[in-house]
Amino acid sequence: MGSPAEHVGIARVLRASAAAKAGAVAVLLFAAVATVGPQSFVPLAAARPTERVGSGGTSEVRLVTGDMVQVATAGVVVRPAQRRGIAGEFQTLRLGTSTYVIPAAARPYLGRYLDPGLFDVTRLAASSAVDQPMGVRITLEHGIRADLPGVTITGRSSSTETGYFTTAGADTFRRALDAQWRFDAHHGWPSHSALFAAIAAIAPVGAATAAGPETVRPAFAQVTLSLRVLDGQGRPVPFTSVALMNTDDARRYVAFPPVVDGLAKVSVPLGNYSALATVDEFDPHTQAHLTSRTVAATDYRVRRAGQTLVLDARTATSRPSVHTPRPAGRDLLLLSWARLDQHGATGLSALNGYEDPHTLVLVSPAPPARVGLQHWVTEWTLQGSPAHGLPYTYDLVFDDPDIASDQARVVRNDQIATVHARYYADGQPRISLFARGPVLQYQGGYQLFPAPLTAPQVRTEYVVSPPGVRWSAVLLGDATTSSPAIADGLRRYPAGSHSRADWLRPALMPGFAGPTPADRDYLCPACRAHNQLSLQIAAVTDSTPSHAGSPDEPPHGARTARLRIYRDGRLLADENNIAVALVPASARKATYRLLFQLDRGATGALLSTRTRTDLTFRSSARQGRAIPANWTCTPTDPQPEAGCAALPLLEVRAPLPVDLNGELPWGRHPLGVTVSHAPGAAAIPITRLVVATSTDGAMWRRAPIVQQSDGRYRAQLVAEPASAGLPVALRITARDAAGGTLRQTIRAAYTIAQS
């Protein structure tokens with residue numbers, strides 16, 4: 001299995017179909033080994049995770065419940081439609097080549113009425129787009145017509161109905177599902193639910209049924225193992241599932257068998273096993289509060305047929321808690337259980353996410369593993385009280401080999417890394433979404449749950465983690481549209497350190513995201529190999545070189561981006577709504593032109609509404625600097641035999657001296673401008689830089705410029721009272737000694753303050 005490559009930014013315009021068109025290949029997170037059981041799955045491989053939040057293949061999926069999931073080879077970003085009650089709890093399962101994101105309200109109906117494929121976000125991302133309704137196939141009982149809330153029916157037969165969920169329809173179904181969950185929990189989980197009357201199964205169009213893939217005959221003896229799951233009162237759990245794995249060799253067995261009336265029977269080979277179950281209980285008296293109990297069996301040996309493994313939720317008595325130096329309330333709690341077999345190569349991972357602070361979370365103690373490895377990871381996102389000074393947050397992660405009987409944590413000041421963060425807006429307050437999460441080696445990828453954040457804002461962010469842990473981060477600039485989505489490279493936060501983070505600081509412009517010191521794998525954004533050019537421009541960058549991403553597409557698939565590539569004046573590629581291209585290159589020296597146009601106006605942006613980036617550079621087969629050994633050359637050719645060279649495309653950084661609203665006060669202001677080349681390229685002297693501004697798009701005013709060093713300049717911007725309130729366009733033109741050129745125009749790069 002090849003090393004996964006780090007991808008640049010969350011590129012929302014890079015749809016999965018576009019990535020396939022460009023020749024990108026999906027990186028498997030899991031080993032492709034068949035197993036046997038009631039549902040056959042493929043075990044999680046302990047492969048090195050991809051290094052960036054998002055990728056050139058990033059896509060967004062809307063579940064039938066209306067919840068949004070951003071999917072990339074490196075992991076998932078989950079945005080619940082509702083954050084309170086049962087709707088604020090999720091389970092993320094990684095198995096085979098798929099990641100499943102399952103709302104807690106759907107768990108009791110999974111495998112009974114709801115096909116697991118409805119929540120296989122990996123496959124859904126490859127087959128649909130966020131602005132397309134999710135198609136479903138409803139299998140009927142006795143030919144009776146179904147009446148499922150929210151679905152639009154497009155076809156019927158005697159045994160099936162086909163239809164789809166629109167955005168509004170998915171929201172309707174989510175509310176109906178939540179109400180049914182509450183009703184069934186209150187009435188002791190009857191065997192039939194009114195919501196699914198006359199329905200045998202609901203599956204995505206074209207998906208296999210809940211029975212799972214075809215069973216493979218094992219090459220070893222099988223015995224029957226019974227799994228008994230009891231709730232917090234010692235009664236059989238009506239419906240749930242168990243994560244079960246052979247810890248001698250996960251390739252022999254790993255699955256999530258369904259439990260009905262507290263019992264599941266599975267056929268497994270003899271050997272050592274580990275298991276985990278989560279039991280959700282609703283308080284029928286308050287009609288509001290949820291109790292979630294997680295119980296694990298670290299080591300269990302199957303010696304003969306007829307054994308019974310009991311998972312008793314009454315043993316879940318320890319409540320995870322954390323005490324921080326400054327008062328803070330829980331915004332998000334993630335409990336992750338990862339189990340590797342004795343070879344340390346394969347295993348499984350299950351994560352429960354709790355967004356509602358009123359949910360009572362209890363876990364059972366479990367010792368360290370005797371066979372294989374066990375990781376119990378507790379992640380916290382806490383919000384500080386505004387009454388205690390400037391806003392502040394805590395991002396905490398604890399990684400243990402056992403599940404301790406005491407889950408209380410106390411954070412000391414000497415454990416804390418401090419991030420001084422500033423979040424910019426574009427002249428209007430916005431509710432954004434931000435997440436920072438650890439990338440743990442054995443999990444195979446990140447799992448982020450962004451929390452609301454009001455921009456503009458200055459706040460202090462405290463980070464606590466074991467030594468060496470690397471963190472990913474993503475900002476969704478507008479919670480309603482996810483526009484723009486900006487990702488950072490991986491970072492370490494050593495205890496006692498201080499750092500600064502600026503998010504969406506203008507000027508926002510297309511560019512190339514550079515690696516961070518903590519990035520181990522990095523996909524070269526502009527490279528050449530085997531007479532092929534791989535060009536991946538980040539549609540939106542800000543003042544931080546490692547920040548990159550792209551805004552969402554507007555509804556109905558309207559064109560927001562256009563990328564054209566030329567060689568010696570001949571058009572090689574012309575693509576809409578993507579910012580990546582693989583094009584043939586000539587062995588001889590040729591002049592290439594990259595023209596990228598982006599329109600953000602339809603997403604509600606007030607700054608950087610339109611950008612036009614025009615780049616030219618020269619390249620030949622014997623030209624260019626070799627990339628570092630830990631870089632990936634192209635999506636289709638990660639380790640080319642003939643070598644890989646970085647291309648000398650010009651890029652510019654111009655952090656504007658504006659306030660958090662993107663406004664420039666009246667007067668004269670210095671502007672630092674850095675002109676360089678795409679990451680990895682050899683430095684070529686810069687011979688020309690012109691900076692100009694315009695308030696009407698017709699008359700341009702050149703700014704005085706002083707060169708400070710090669711590639712570093714200081715320009716002067718003028719904000720006059722006569723232009724108060726007006727947006728200002730910015731145009732930057734540069735040239736290097738090899739003949740490479742850049743001409744970049746940003747409409748409404750900033751505004752002049754009113755006073």
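The values are calculated or read from the model by the stated rules, or taken from the named source; none is laboratory data. Bear in mind that the values here come from a model prediction, so they are computed numbers and not experimental data. A quick note on method: Cβ atoms are made from the backbone with ideal geometry, for glycine too, and the neighbour counts reach across all protein chains shown. SASA here: full protein model, heavy atoms, side chains in, ligands and nucleic acids out. Shrake-Rupley method; radii C 1.70, N 1.55, O 1.52, S 1.80 Å.
Residue-by-condition table, conditions (1) at positive phi; (2) among the polar types (S, T, N, Q); (3) open to solvent by 20 Å² or more (accessible area, probe 1.4 Å):
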{"site": "THR154", "(1), (2), (3)": "no, yes, yes"}
{"site": "SER157", "(1), (2), (3)": "no, yes, yes"}
{"site": "THR167", "(1), (2), (3)": "no, yes, yes"}
{"site": "ARG175", "(1), (2), (3)": "no, no, yes"}
{"site": "ALA179", "(1), (2), (3)": "no, no, yes"}
{"site": "SER193", "(1), (2), (3)": "no, yes, no"}
{"site": "ILE199", "(1), (2), (3)": "no, no, no"}
{"site": "ILE202", "(1), (2), (3)": "no, no, no"}
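Restricting to region 332-375, count the residues that are under 23 Å from the mean Cα position of the chain (by Cα) and part of a strand (DSSP E or B).
Total meeting the criteria: 18.
If THR611 passes every condition in (1) in a loop (DSSP other than H, G, I, E, B); (2) modelled with pLDDT of 80 or more; (3) in contact with a strand residue (DSSP E or B) (Cβ under 8 Å, 6 or more places away or on another chain) but one, which one does it miss?
Among (1) in a loop (DSSP other than H, G, I, E, B); (2) modelled with pLDDT of 80 or more; (3) in contact with a strand residue (DSSP E or B) (Cβ under 8 Å, 6 or more places away or on another chain), THR611 violates only (1).
Give region 376-423 a look and list any residue that's aliphatic (A, V, I, L, M), touching a residue at least 40 places away in the same chain (Cβ under 8 Å) and outside any loop (DSSP other than H, G, I, E, B), or say none. Lay out the reasoning, then the answer.
The initial filter retains those residues of region 376-423 that are aliphatic (A, V, I, L, M), namely 377, 382, 387, 390, 396-397, 403-404, 408, 410-411, 416-417, 419, 421.
Going one step further and asking which of them are touching a residue at least 40 places away in the same chain (Cβ under 8 Å), we end up with 377, 382, 390, 396-397, 403-404, 408, 410-411, 416-417, 419, 421.
Passing the criteria: VAL377, LEU382, LEU396, VAL397, ILE403, ALA408, VAL410, ALA417, VAL419, ALA421.
Do the conditions hold for ASP574, that is, is it at pLDDT below 85 and either open to solvent by 10 Å² or more (accessible area, probe 1.4 Å) or out of contact with any Cys (no Cβ under 9 Å at 6 or more places or on another chain) (or both)?
On the way: at pLDDT below 85: no; either open to solvent by 10 Å² or more (accessible area, probe 1.4 Å) or out of contact with any Cys (no Cβ under 9 Å at 6 or more places or on another chain) (or both): yes.
No: the conditions fail for ASP574.
Go through region 232-266 and give me each residue that's open to solvent by less than 10 Å² (accessible area, probe 1.4 Å) and small (Gly, Ala, Ser).
Those that are open to solvent by less than 10 Å² (accessible area, probe 1.4 Å) and small (Gly, Ala, Ser): ALA243, ALA250, ALA255, GLY262, ALA264.
Does ARG319 meet the test of being crowded, with 24+ Cβ neighbours inside 10 Å, of a type in the set (Lys, Arg) and touching a residue at least 40 places away in the same chain (Cβ under 8 Å)?
no
Taking into account only those residues within region 696-725 that are open to solvent by less than 70 Å² (accessible area, probe 1.4 Å) and not in a strand (DSSP E or B), which is farthest from ILE752 (Cα to Cα)?
Restricting to residues being open to solvent by less than 70 Å² (accessible area, probe 1.4 Å) and not in a strand (DSSP E or B), the top hit is GLY711.
Tell me the strands (runs of 3 or more DSSP E) entirely within region 484-565 that contain at least 1 residues that are in contact (Cβ under 8 Å) with a residue 40 or more places away in the chain, touching a Lys or Arg at 6+ places or on another chain (Cβ under 8 Å) and open to solvent by 10 Å² or more (accessible area, probe 1.4 Å).
498-503
Quick check on region 646-679: of everything there that is in contact with a Ser or Thr (Cβ under 8 Å, 6 or more places away or on another chain) and in a strand (DSSP E or B), which residue is most open to solvent (accessible area, probe 1.4 Å)?
Among those that are in contact with a Ser or Thr (Cβ under 8 Å, 6 or more places away or on another chain) and in a strand (DSSP E or B), it is GLU663.
Considering only region 181-191, state which residues are open to solvent by less than 60 Å² (accessible area, probe 1.4 Å) and in contact (Cβ under 8 Å) with a residue 24 or more places away in the chain.
Once the filter is applied, which keeps residues that are open to solvent by less than 60 Å² (accessible area, probe 1.4 Å) and in contact (Cβ under 8 Å) with a residue 24 or more places away in the chain, region 181-191 yields TRP181, ASP184, ALA185, GLY188, TRP189.
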